[in-house]
Each structure stands twice: as C-alpha cells, then as structure tokens.
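The values are calculated or read from the model by the stated rules, or taken from the named source; none is laboratory data. As the structure is a prediction and not an experimental result, all values here were calculated from the model. FYI the Cβ positions are ideal-geometry reconstructions off the backbone, even for glycines, and counts take in every protein chain you see. Protein only, heavy atoms only, side chains kept; ligands, DNA and RNA dropped before computing areas. Shrake-Rupley method; radii C 1.70, N 1.55, O 1.52, S 1.80 Å.
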Amino acid sequence: MDQDYSQVSPQELSILQRVSNETGYPLENLYSIYGYESNYGRHKNMNKGKYQGPFQIGPKEAQAWNINRYDLYESAKASVMAIPKRRESLKNN
C-alpha cells in the first residue's frame, strides 16, 4: 500500500522529498518524524521552549550546524544528518 502524505502541502512534500533524495533517508521515515516532532508543522507550541521548529532542533545544534531551525528544508536535513550521532549516543548510554 502506498504511503499517505495528505497531512502536508505539496510544497512541504516536495521539500521532504528533496531531503530524502539528497541524504538517502527514506521519505516515509522523514514524513513520520515531521509528524511526530511538530504535527506536520501545525503544533501550536512548536516554536516555544528550548527545541523549536518543524523538526524540534535545539539552539545549540542550530548554531553548531549553522542552520535556521524554523526552515523546513534546513531542519529536516539537519535532523537526518544527526541520526548517526544519536544512534551512537543511544548505544553508549
């Protein structure tokens, strides 16, 4: 069965597809993370607190990665690029 991407606009889906194509990370997983982190960019409090933006990036990470954490493309790509580091951290803890 095909994945249902109806929770996002065609523009958002295009951005997520671009990140998927550039990183090799599965679109289905990226879409799921976007939904989990910010209800597909619609969560009323996604820009409150320490972690903000569509992929809930912290200020230190945004600064270290030199990204705009409110930008869907930049935050999605940074989130995917951080996965190996997060996996390693989980293994070590």
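FRET efficiency for Asn66 and Glu28, Cβ-Cβ distance as r, R0 = 30 Å, nearest 0.05?
Here the calculated transfer efficiency is 0.60.
Please name whichever of Pro10, Tyr51, Gly24 sits farthest to the positive end of the charge dipole of the range 1-87, dipole taken about the Cα centre and charges placed at Cβ: Lys and Arg +1, Asp and Glu -1.
Tyr51
Using 0.36 nm per residue of separation minus the Cα-Cα distance, give me the extension gain between Ile83 and Asp2 in nm, one decimal.
Separation in residues times 0.36 nm, less the Cα-Cα distance, equals 26.7 nm.
Would you mind computing Rg(Cα) / (2.2 N^0.38 Å) for the range 46-87, counting N as its residues?
On the way: Rg = 9.3 Å, N = 42, 2.2 N^0.38 = 9.1 Å.
Relative to the 2.2 N^0.38 Å estimate, the range 46-87 comes out at 1.02.
For the range 39-49, in order, what is each residue's ³J(HN,Hα) by Karplus, 6.51 cos²θ - 1.76 cosθ + 1.60 with θ = phi - 60°, in whole Hz (x at glycine and Pro)?
Values, residue by residue: 6, 6, x, 10, 5, 5, 10, 5, 10, 10, x Hz.
Within the chain, what whole-number % of the accessible surface is contributed by carbon and sulfur, with the 1.4 Å probe and all protein chains included in the calculation?
Of the solvent-accessible surface of the chain, carbon and sulfur hold 48 percent.
Under unit Cβ charges (Lys, Arg +1; Asp, Glu -1), what dipole magnitude, rounded to 20 debye, does the chain have relative to its Cα centre? Could you put the intermediate results ahead of the total?
Working: 12 positive and 10 negative charges, 107 e Å.
With Lys and Arg at +1 and Asp and Glu at -1, about 520 debye.
When ligands, DNA and RNA are left out and all protein chains stay put, how many square angstrom of accessible area per residue does the range 1-78 have with a 1.4 Å probe?
Each residue of the range 1-78 exposes 63 Å² on average to a 1.4 Å probe.
Charges only on Cβ, +1 for Lys and Arg, -1 for Asp and Glu: so what's the dipole of the range 1-48 about the Cα centre, in debye to the nearest 20?
Once rounded to the nearest 20, the dipole reads 320 debye.
Based on DSSP H runs of at least 4 residues, each adding -39500 (n - 2.57), what is the mean residue ellipticity at 222 nm of the chain after dividing by all its residues, to the nearest 500 deg cm²/dmol?
Rounded to the nearest 500, it is -17000 deg cm²/dmol.
Mind pulling up the Rg/Rh value for the chain? Radius of gyration and Kirkwood radius, both on Cα.
Rg divided by Rh gives 0.96.
Less than 15 Å apart at the alpha-carbon level, and either on another chain or at least 8 residues along: which aspartates and glutamates does that give for Lys77?
List returned: Glu12, Glu22, Glu28, Glu37, Glu61.
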